[in-house]
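Read through the structure below, which is laid out as structure tokens, and then see the notes.
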Amino acid sequence: MNTPESHILVIFGASGDLTKRKLIPAICKLHNGKRLPEKFAILGASRTEMTDEEFRESVTDFLPKDDDQCKCDEFLEKLYYQPLGTADADEYGKLKDRLEELKEKLDIPGNYIFYLSTPPKLYGVIPANLASVGLNQQEDGYTRLIVEKPFGNNLETAQKLNKELLNYFDEKQIYRIDHYLGKETVQNMLVARFSNGIFEPIWNRNFIERVEISSAESLGVEGRGGYYDQSGAMRDMVQNHLLQLVGMVGMEPPVVAEADAIRNETLKVFQSLRPLEPEEIRSNVIRGQYMESRIKNEQVKGYRGEKGVDPESRTETFLAMKFYIDNWRWAGVPFYLRTGKKLPTRVTEVVIKFRPTPHHLFQEDGVTAHVTNQLIIRIQPDEGILLKFGLKEPGAGFRVQPVNMDFHYSDLSDVELPTAYERLLLDCMMGDQTLYLRGDAVEAAWRFVQPILNAWEENPSLPIYGYPAGSWGPQEADDLIEGEDTWRYPCKNLSDDGTYCEL
Ligand code: BG6
């Protein structure tokens, strides 16, 4: 197993939630699984005054509980802390000195990864400050920059941020994170599509009737009301995570499995998204907001009653939309996206609906019997793949019965799925940008969603529908789907999608 070169990982925003809940546990897992180099250190940096020891204590409770305690203790020794006014260029001399000292003491070459896990307003400032003391230079090793989401708040700010970063770092040093790409099941879409001969010949407009991507969450805004109210489902989920899924489903086969070859193909998908005209937005993009309701006998707050949310907020907590990819493969195939907070369950999946047979041979009581073939790629939970097709019901006549063929990752009992952050951090340490976003792709995704955001802002008559917390969103989202059909209403378990589900 290859391990990365020795390096120091500097986490800006080290006293924040993301560091404790996601980054430190992921790096500890990598350490315990012997994926890190022997000579390695984490230097936390943020405004809070803390010693190395206090920093170690502040993260102890978040280390993986089921892992070997000794290994976790060994990991903690690799943690250091530097109080730093991150916004203040004058403070960066201090950071540089501390890095020099650690480098000497631990015998680590000048390889640095800088992780920006701070409020987004600092994403442009920290790189400039690093550059002011030469910490963007790669003379004595490499320097890489990981930038958390959100990457901009609209097209203009994303373009501005790209420019600011590129002033001091080049594209090969910049790792823009979208944790969806770190999910094992998202990467599996590439492998399922391009390592099998059976899917690709039918993966196009001739055989696929429509594509549906749903990402439902049962949680609400959970104390993040202040952030979410400025963001909404379009910025929080669609512009990044869900469009990345569209990229994976829609892309052409890359020539080689390398970062730029793969990222060129996803970029082409984003460039082919047909922009929605202002008059189409009302009917093709449905937004909703959850309202007070009773779930399992408990009274649940509406979105406007959440802490940090404007009591008259018009921020969408639900969004469903229909759009097209204008290219040879996908011409005329509708893509549907749906995401929301306070829906009945937590599930993310891609549903590929195939066209029916051209002629329906079998009848049941005088009615044509046919089954819609569907391939369901479950991103989470109960990660796996399900194929739905029709078979003969045993007995007289030719009754067609829908059946399932399913694969669940949990059946590979000896395989523990790594978390998205484990995968992504390790990739950055190895210098692999495949699962990180390139600047042009981020801008292309913003270019598609920006006219919709503009229309909502400029035209207050565009409706935002209320939906009871715990429901599947407003009825209008169902009306989006062409014909008699509806969305697939998934359950926790991949194969159950009957009318009754245990949620
Ligand atoms: C984050 C959003 O990027 O993704 C959250 O800010 C959302 O609002 C989360 O809940 C969803 O991620 P996951 O991995 O739980 O599907």
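The values are calculated or read from the model by the stated rules, or taken from the named source; none is laboratory data. Since this is a predicted model, take the numbers as computed values, not measurements. Every residue, glycine as well, gets a Cβ built from its backbone with ideal geometry; the counts of neighbours run over all protein chains shown. With ligands, DNA and RNA removed, areas are computed over all heavy atoms of the protein, side chains included. Shrake-Rupley method; radii C 1.70, N 1.55, O 1.52, S 1.80 Å.
So here's what we get for this one:
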| item | result |
| --- | --- |
| Highest average packing first - 481-493, 239-251, 178-190, Cβ atoms within 10 Å | 239-251, 178-190, 481-493 |
| Extension gain, residue 484 back to residue 465 (0.36 nm per residue minus Cα-Cα distance, nm) | 4.6 nm |
| DSSP-defined beta bridges in the chain - what % are antiparallel, rounded to 5 | 55 |
| Solvent-accessible area per residue, Å², over the chain with all protein chains present [probe radius 1.4 Å] | 46 |
| Greater than 26 Å apart at Cα, pairs in 121/322; 65/341; 39/149; 22/163; 71/94; 268/322 | 121/322; 65/341; 39/149; 22/163; 71/94 |
| Proximal aspartates and glutamates relative to residue 296, as straight alpha-carbon distance under 13 Å, when same-chain residues fewer than 8 apart are discounted | 502 |
| Degrees between helix 439-458 axis and first principal axis of the chain (Cα, 0 to 90, nearest 10) | 60 |
| For region 7-148, alpha-carbon Rg over 2.2 N^0.38 Å | 0.99 |
| Within the accessible area of the chain (1.4 Å probe), percent carbon and sulfur | 50 |
| For region 452-482 and region 331-383, distance of Cα centres in Å | 22 |
| Distance-filtered residues of region 308-328 - backbone nitrogen under 13 Å, label point 7 angstrom along residue 283 Cα→Cβ | 322 |
| Rh by Kirkwood over Cα pairs, then Stokes-Einstein D for the chain at 0.692 mPa s and 37 °C, µm²/s | 133 |
| Residues with amide H under 5 Å from that of residue 400, placed H, sequence gap 5 or more | 393 |
| Nearest-ten-degree value, helix 155-168 long axis tilted from longest Cα axis of the chain | 30 |
| Rg and Dmax of region 147-235, Cα atoms only, in Å | 18.2, 48 |
| Solvent-accessible surface (1.4 angstrom probe) belonging to residue 207, in square angstrom, nearest 10 | 100 |
| Spin-label pair residue 393/residue 410, simplified geometry with 7 Å Cα→Cβ offset, distance in nm | 2.9 |
| Simple label model, 7 Å out from Cα along Cβ direction - residue 61 to residue 294, nm | 3.5 |
| Neighbour net charge for residue 401 - beta-carbon separation under 9 angstrom, K R +1, D E -1 | +1 |
| Descending principal axes extents, region 131-285, alpha-carbon based, whole Å | 57, 41, 32 |
| Degrees, to the nearest 10: 420-430 long Cα axis against longest axis of the chain | 50 |
